[in-house]
1. Helix 115-128 sits at what angle to the longest principal axis of the chain, using alpha carbons and giving 0 to 90 degrees rounded to 10?
2. Taking only C-alpha pairs under 8 Å that are 6+ residues apart, what is the relative contact order of region 151-215 in percent?
3. With a/c under 1.5 counting as rounded, go ahead and sort the chain into rounded, prolate or oblate using the C-alpha gyration tensor (a ≥ b ≥ c being the square roots of the eigenvalues; past the cut-off, prolate if a/b is larger than b/c, else oblate).
4. So what is the relative contact order for region 108-167, in percent, with contacts set as C-alpha pairs under 8 Å and at least six apart?
5. Between residue 63 and residue 182, with labels modelled 7 Å along Cα→Cβ, what's the label distance in nm to one decimal, could you check?
6. Roughly speaking, what is the centre-to-centre gap between region 152-180 and region 74-96 when only Cα atoms are used, to the nearest Å?
7. Determine ³J(HN,Hα), in whole Hz, for all residues of region 187-203 in sequence, where each value follows from phi through the Karplus function 6.51 cos²θ - 1.76 cosθ + 1.60 and θ = phi - 60°; x replaces Gly and Pro.
8. Non-local amide H neighbours of residue 60 (under 5 Å, H modeled in plane, Pro and chain starts lacking H): which ones?
Amino acid sequence: MIRLSNVSKTYRTDKVETLALKDIDLHVKKGEFVAMMGPSGCGKSTLLNLIGLLDRPGQGSVEVEGIPITRYRDKQVANLRNSTFGFIFQSFHLISDLRVIDNVELPLLYRKMSAAERRRLARQALEKVGLGARMDHYPNQLSGGQQQRVAIARAIVGEPQVLLADEPTGNLDSKMGEEVMDILLKLNEEGTTVVMVTHDEREARRTNRIVRVFDGQLVA
């Protein structure tokens, strides 16, 4: 479904040049749950950003469903990203002065649909993560685990084919982290492809495949 071929990425400033990724070949198949592991600063988040079309490689190619993203204009890439991917981050990135349901609706504002349809999909996503009764609460009225579940609902509200999760349990205690992992596993069982960055070996072993990154390269 997603293929990276000979991908490298270098970040440059006036004084420093940093090679973040080098010669990456990676194929994520439809329906997989892939865990990416490696030490801090090894390139995991950069790799996740390339997979999710948040960034472009310096060299090599990224393909989605067999089509190189170089064939798309910027607006087309943005539309593809919005329709294909959902993003979950370690920091929940919820807007504090919006209710839970309004936070979940946000990705749908970029799509052509009625307010009633947006609200229906947001309610459905919150029910799926077990927060149907909390939709009128504000983020600061929720626990950390509940806030991350809201973030998951926001990521899945547009029914993406792929979920990209960057340390989704990193700010949670072990019980809350396990609850979040259970939700991700259930979504995967229902057909969503999941790529997750994690430092937790126990969580990684629950996935289909572990990809290890070290100094910007994939290692066995």
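1. So the inclination is approximately 80 degrees.
2. Over region 151-215, the number comes to 37 percent.
3. Prolate shape, in that a/c is at least 1.5 and a/b is the bigger ratio.
4. Normalised by residue count, the contact order of region 108-167 is 38 percent.
5. 4.0
6. Here the two parts' Cα centres lie 13 Å apart.
7. Working through the residues one at a time gives 4, 5, 4, 7, x, 7, 6, 10, 10, 10, 8, 8, 9, 8, 4, 5, 5 Hz.
8. Here 8 satisfy the definition.
Throughout, read-outs are computed from the coordinates displayed, never taken from laboratory work. Quick caveat: nothing in here was measured; it's all calculated off a predicted structure. Glycine gets a Cβ as well: all are built from the backbone with ideal geometry, and neighbour counts include every protein chain shown.
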